[in-house]
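The values are calculated or read from the model by the stated rules, or taken from the named source; none is laboratory data. As the structure is a computational prediction, the values presented were derived from the model and not from experiment. Because the Cβ atoms are built from the backbone with ideal geometry, glycine has one as well, and the counts that use them run over all protein chains shown.
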């Protein structure tokens, strides 16, 4: 495989260990590291630091895995680019990639989805952290304002990119067949 994604396993381990090792550390150190990530909460008055520590540990696990996570995504993008390049010369592979793109199930769409979930979750964190950290009652939240959200990525159709490999392949076969027929005097 041209682009093995060893970073996937490493990301998993770093994120998991980054979270779990925080149980053994001083909560104040963990919370201070969290507040470096979210400085807007540094002046917040904490009624109870239990929730804060839990969310801080989760965030620090993500932070510790961020470098390998970015490397993993970059490798997956390279893998997709490599497949797209190879598909130019292999019509069945081109058709397979085309159908997965049209269906919205290809690697490109999966990466877009993962990016959008990261943005979505960050926005929810920023909305709910103050209430969580204040130990606010869940009934104090206006839940009716929160509606289900869905991932909708643009799916433009590039007709030239779709048909060019097929036309080139058919033209190449036609030229080769014409050459073979002329060489063997076949009419």
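A few comments on the model shown:
- Any hit, the range 138-152, residues being in contact with a helix residue (DSSP H, G or I) (Cβ under 9 Å, 6 or more places away or on another chain), loosely packed, with under 12 Cβ neighbours inside 10 Å, modelled with pLDDT of 90 or more and under 28 Å from residue 16 (Cβ atoms): yes
- Looking across the range 80-112, the residues that are over 16 Å from the mean Cα position of the chain (by Cα), exposed (fewer than 14 other Cβ atoms within 10 Å of the Cβ) and within 19 Å of residue 154 (Cα to Cα) come down to 99, 102, 103.
- Looking only at the range 3-28, residues that are more than 25 Å from the chain's Cα centre (by Cα) and at pLDDT 90 or above come to 1 in all.
- Inter-residue pairs, beta-carbon under 6 Å, first in contact (Cβ under 8 Å) with a residue 12 or more places away in the chain and in the range 67-79, second not in a helix (DSSP H, G or I), 6+ apart: 72/5; 75/3; 75/5; 78/3; 79/3
- Looking across the range 129-155 at every residue that is in a helix (DSSP H, G or I) and touching a residue at least 12 places away in the same chain (Cβ under 8 Å), the one that is nearest to residue 50 (Cα to Cα) is identified as 133.
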